[in-house]
Amino acid sequence: RHIDWKLYARTDKLFVKRYEEETNLRCRIVLDTSSSMYFPKLKKPTIGNPNKILYSICCAAALMNLLKRQRDAVGLSFFSDLVELHTPEKTTTQHHQLLLYELEKIWLNQPLNKKTCVVDALHEIAEKIHKRSLVILFTDMMDNSEKSDELFAALQHLKFNKHEVVLFHVSERNNEIDFNYENRPHKFIDLESGEEINISPREIRSHYKQQLNNFLKELKLKCAQYKIDLLEVDINKGFHPVLLSYLLKREKLF
């Protein structure tokens, strides 16, 4: 029934029909919109000097443009302590304009003290994805849950129904990973809770870096175990790593 008989009549060769649903990709872009994603607090973030949320928005918009050119269906999800947006996957120009509008709203409406609950949000998003898809996740992985195994279980849930998952761990490496602050008293403010602490960076640098390295090591291990593609992204290193990783992933899928 899938043979193109009309083409066979003209060419005397057998051709099998392939439908758009079979040849095109379904992609869901998931964006963490909690307050920690608005670090660093800049007076005027730009593409050349972004914070984490602007970097993620630009990456999402660029990927959406690539998906549109390839006639792939794309949907968008936002989460913080709950799922704020979950659109269907579509290929139409009107749908892409809607997604760009939603990305712009996230940038213009910068929230204060909006917490993260990656665990609950990812479980909910995973339940809502009913067809096999490529899931691209932008997050700094700063979750308020106390048990890391719950966080990794939520990531594993995204692999349910054989979804392909790419996790872009977004960070501002100089301050968040390397903890490069001058050795003088600083006031550190939790962007999600508003809690403040006055301390000298050298007093906690060693402990901070050790705890962070332990978490990142476990994250890499779990992603490898669940066959999730993990890419650590420094927002000061440009957009090429994200776009290249997506293109390589898409090539593997076909």
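Summary of computed values
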read-out	value
Filtered residue count, segment 173-226, keeping only those that are loosely packed, with under 11 Cβ neighbours inside 10 Å and touching a residue at least 24 places away in the same chain (Cβ under 8 Å)	1
Flag for Thr139 being farther than 27 Å from Leu248 by Cβ, open to solvent by less than 10 Å² (accessible area, probe 1.4 Å) and in contact with a helix residue (DSSP H, G or I) (Cβ under 7 Å, 6 or more places away or on another chain)	no
Ser145 vs. criteria modelled with pLDDT under 95 and open to solvent by 10 Å² or more (accessible area, probe 1.4 Å)	yes
Evaluation of Val135 against (1) under 29 Å from Cys223 (Cα atoms); (2) without any contact (Cβ under 8 Å) to a residue 40 or more places away in the chain; (3) outside any loop (DSSP other than H, G, I, E, B) (one fails), failing number	(2)
Strands (runs of 3 or more DSSP E) fully within segment 146-254 counting 3 or more residues that are under 18 Å from Leu122 (Cβ atoms)	164-171, 229-234
Identity of the residue in segment 66-90, modelled with pLDDT under 95 and polar (S, T, N, Q), that ends up nearest to Ser171 (Cα to Cα)	Ser80
Residue pairs meeting the criteria (Cβ under 6 Å; at least 6 apart or on separate chains; first within 21 Å of Lys90 (Cβ to Cβ) and at pLDDT 90 or above, in segment 111-130; second open to solvent by less than 10 Å² (accessible area, probe 1.4 Å) and in a helix (DSSP H, G or I))	Ala126/Leu158
Enumeration of residues in segment 86-111 that are among the polar types (S, T, N, Q) and more than 20 Å from Lys131 (Cα to Cα)	Thr93, Gln94, Gln97, Asn109, Gln110
Qualifying residue in segment 227-238 (condition: modelled with pLDDT of 90 or more, touching a His at 6+ places or on another chain (Cβ under 6 Å), closer than 20 Å to Lys52 by Cβ and open to solvent by 20 Å² or more (accessible area, probe 1.4 Å))	yes
Matching residues in segment 83-103 - criterion: being touching a residue at least 40 places away in the same chain (Cβ under 8 Å) and either basic (Lys, Arg) or open to solvent by 70 Å² or more (accessible area, probe 1.4 Å) (or both)	Glu84
Ile53 vs. criteria surrounded by 15 or more Cβ atoms within 10 Å (Cβ to Cβ), touching a Phe, Trp or Tyr at 6+ places or on another chain (Cβ under 8 Å) and of a type outside the set (Asp, Glu)	yes
Output for segment 56-72, where each listed residue is open to solvent by less than 10 Å² (accessible area, probe 1.4 Å) and over 12 Å from Leu103 (Cβ atoms)	Leu67, Asp72
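The values are calculated or read from the model by the stated rules, or taken from the named source; none is laboratory data. Just so it is clear, the structure is predicted and the values come from calculations on it, not from any experiment. Every residue, glycine among them, receives a Cβ derived from its backbone with ideal geometry; neighbour counts consider all protein chains shown. Accessible surface areas use protein heavy atoms only, side chains included; no ligands, DNA or RNA. Shrake-Rupley method; radii C 1.70, N 1.55, O 1.52, S 1.80 Å.
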